[in-house]
Every structure is written in structure tokens, then in C-alpha cells.
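Visitor: Let me give you the structure first, and then I'll get to my questions.
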Amino acid sequence: MAGAGFAAGLYGRQDRRWLLAMEIIGLIMGVMTLVQAAAAPPFPRGWVAPAERAVVPFRVTGLWHNPNLTGLFLAFLLPLFLAGAEEDRRKIALTGLTAAALLFTYARTAWVAALVALFAYWGPREQVNRRRLVAIILILLGLFPSVAGRIGHNPLASGTVGYRFAVWQETWRLVQKYPLTGGGEDELRAALRPLRVDHAHNHYLQIAAEKGIPAFLLFGWLLVRFRKAARRPESASRDDRLRRGITAAFGGQLVAGLAESIWAVPLGSFLFWFAYALVTAGRNEPEPVVAGVFGTGEGEAPV
């Protein structure tokens, strides 16, 4: 999946039709989540804390059986669709549909990833849009008790965060046991089996636990290279806008990696390497026409 994602990113540097494919997928996903929200399907009680069960009516799952995975995918798509909407205002409806679907997942990590991605997309020069986003968040908190209840007065004190701390402690013990080589995927799953989870809920800890600290440092070097490539100016504003979108989506996923293992499913690995190749790979430019002469005889006119 990593190789397929990287190859797709290389192709995407030359052809923008991949964005249309993602827009179709996003449309299907958005419509499906709205249908699920209207039906208000039941969900496992473990998906929300006891204090939230009275205010969170449902959690949509989209194409998967886990709202967190659906939320992370929608958070990745949101800045891309926003970039497309700035080119074509008719696509603003798709952006709104994606945002609504993301909201109904009630996936807090995905919410944070989307907010970080949007703030990164607009950058410090577009403070007006950032302020509008903050105003929208405040309105949502005021109008939707379920959103306010999901966040709570202190999100860091929730049962979900406490559970993650327990997972991180077990994962860190494995890093300490195998600092150079890592314990591998099987060893990590065995360590986390008593907690009924098969991944570390932290992308960076999972890399160190499975592959060792050198692999973690190598991953950091990849991120440094991505940042340098993302700061290169593009010649066309249209391409620059889309590149800002994919860079913002990539950054949002990295933030989500603090609370989720973004490579725990194949799609997460594909999207990571797709965005990485799309930004870091060089574009094939047409070769310049070199002035020359027709023939070899004297007196020939130069081209």
C-alpha cells in the first residue's frame, strides 16, 4: 500500500484527475454518513464515555465500522475539497457535505486534525478565514449540545485519554526493551492484548516500538524533507493552492498521529505516501527548445 500510494503521488504530479476521484469518493461517503445520521443507528457503549451517552445520539461510520477511521479520512479530504472550491465555487457544497459528515463521526482526534489542516491551509496571511472558523466552532458549541458534550470541560481528563495513556505506557516499555531494533508487530500486539487493542494509538510510539528508535529518527528525516519541499514556490497559483491543500491534509494527519496510529490500516499508509510523493517529487517539465540549424552546410538559417 505504501508503494502504491507513492506511485499514485508521482502520477498525481503530472495529472490532477486524482482529485476528481477523491471528490466522487467524498460525495459517496458524505451522503452515506448523512443517511446514517438520519437513521441514528445504535453504537457500542464503549465508543463514548458514560457522561457523554446522554448527549451523543449516534456516531456514523461511513464505509468502515469505526467512526475514527472515517473521521480521519474525511479530515484528509476537507482541505483538498476546500482548495477545489476556491477554484470552482460550485464545489463549495461538497466541502460543506464533508464537514457535516466529519462532524457526525464525533471523532475528536479527526476534529483536531481537520482544524489544524484548515488553519495550516489558510496560513497567517488569511486571518479572516481563521476567525470565521473560530466563529463557526463557537456556534456549533452553542447550538449542538452533543458537540459540546463530546469535547467536555476538560478533554484531557476523559476516560478515552486515560485509556490511551495506559496503552502508551505499555508501548513505551517495549521501546525500552528493544530500543535499536524494535519488538516487531507481533510483540507489540502481544503487549497490548490485555488492553484489548492491536495498535499503540500513537503513530510515533508505534514506529519506535515496532522498528526501533533509528526508524523513528528516519521518519523524522522524512518529515524534514517534506517540510522543505512544501516550502518551495510553485510557478502556477492553481497548483500552489492544491499543494497547500495536500500539505495541510498531511499536517493534519501528523497531528492525529499523536492519538492514533495512522498506519494501522492500509488506507492511512496509502494516503501518507501519496501526499508525500505528491509534494516532494519533482515535476517533469518539458524540455526547452534548443536553437540550432537545419543541415550542416554554410549559410543555413538558424532556427
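Visitor: Using a 1.4 Å probe on the protein heavy atoms, what percent of the accessible area of segment 1-155 belongs to carbon and sulfur?
Guide: 70
Visitor: A further question on this structure: Most fluctuating residue of Pro50, Pro214, Pro79 in a GNM of the chain with Cα springs under 10 Å: which is it?
Guide: Pro50
Visitor: Taking the chain as the reference, fit the longest principal axis to its C-alpha atoms, fit the long axis of helix 159-177 to the helix C-alpha atoms, and give the angle between the two in degrees, 0 to 90, nearest 10.
Guide: Tilt relative to the chain: about 70 degrees.
Visitor: Report the extension gain between Met32 and Arg53 in nm, rounded to one decimal, defined as 0.36 nm multiplied by the number of residues separating them, less their alpha carbon distance.
Guide: Here the segment from Met32 to Arg53 would lengthen by 5.2 nm.
Visitor: Let me ask another. Could you let me know the centre-to-centre spacing of segment 91-154 and segment 24-90, using Cα atoms, in angstrom?
Guide: 13
Visitor: What order do His199, His65 take when sorted by accessible area (1.4 Å probe), most exposed first? Each step should come with its number before you reach the end.
Guide: On the way: His199 35, His65 170 Å².
I get His65, His199, largest accessible area first.
Visitor: Also, quick follow-up: Return the lysines within reach of Lys177: Cα separation strictly under 26 angstrom, same-chain partners fewer than 8 residues apart disregarded; answer none if there are no such residues.
Guide: Lys177 reaches Lys211.
Visitor: Sort segment 1-115 into rounded, prolate or oblate with this rule: let a ≥ b ≥ c be the square roots of the eigenvalues of the Cα gyration tensor; rounded if a/c is under 1.5, and if a/c is not under 1.5, prolate when a/b is larger than b/c, oblate otherwise.
Guide: prolate
Visitor: Roughly speaking, what is the stretch gain from Arg193 to Phe219, that is 0.36 nm per residue apart minus the C-alpha to C-alpha distance, in nm to one decimal?
Guide: Residue separation times 0.36 nm, minus the Cα-Cα distance, leaves 6.7 nm.
Visitor: For the pair Ala40/Arg90, report the inter-label distance in nm, with labels modelled 7 Å from Cα in the Cβ direction.
Guide: Once both label points are built, they end up 3.7 nm from each other.
Visitor: Further question: How much FRET efficiency would the formula 1/(1 + (r/R0)^6) give for Tyr163 and Trp18, where r is the Cβ-Cβ distance and R0 is 41 Å, rounded to 0.05?
Guide: 0.65
Visitor: Picking from Phe76, Phe219, Phe144, which is most flexible by a Gaussian network model of the chain using Cα springs under 10 Å?
Guide: Of Phe76, Phe219, Phe144, the Gaussian network model singles out Phe144 as fluctuating most.
Visitor: Send over a whole-number figure in Å² for the accessible area per residue of the chain, probe 1.4 Å.
Guide: 54
Visitor: Could you please tell me the mean projected area of the C-alpha convex hull for the chain, averaged over all directions and given in square nanometres to one decimal?
Guide: The number I arrive at for the chain is 21.1 nm².
Visitor: Separate question: How much accessible surface area, in Å² rounded to 10, belongs to the heavy atoms of Ile213 with a 1.4 Å probe?
Guide: For Ile213, the solvent-accessible surface is approximately 70 Å².
Visitor: Something else: Picking from Lys91, Lys228, Lys211, which is most flexible by a Gaussian network model of the chain using Cα springs under 10 Å?
Guide: Lys228
The values are calculated or read from the model by the stated rules, or taken from the named source; none is laboratory data. Fair warning: this is a prediction, and the values are worked out from it, not measured in the lab. Note that each Cβ is placed from the backbone with ideal geometry, even for glycine, and that neighbours are counted across all protein chains shown. Calculation scope for accessible area: heavy atoms of the full protein, side chains included, ligands and nucleic acids excluded. Shrake-Rupley method; radii C 1.70, N 1.55, O 1.52, S 1.80 Å.
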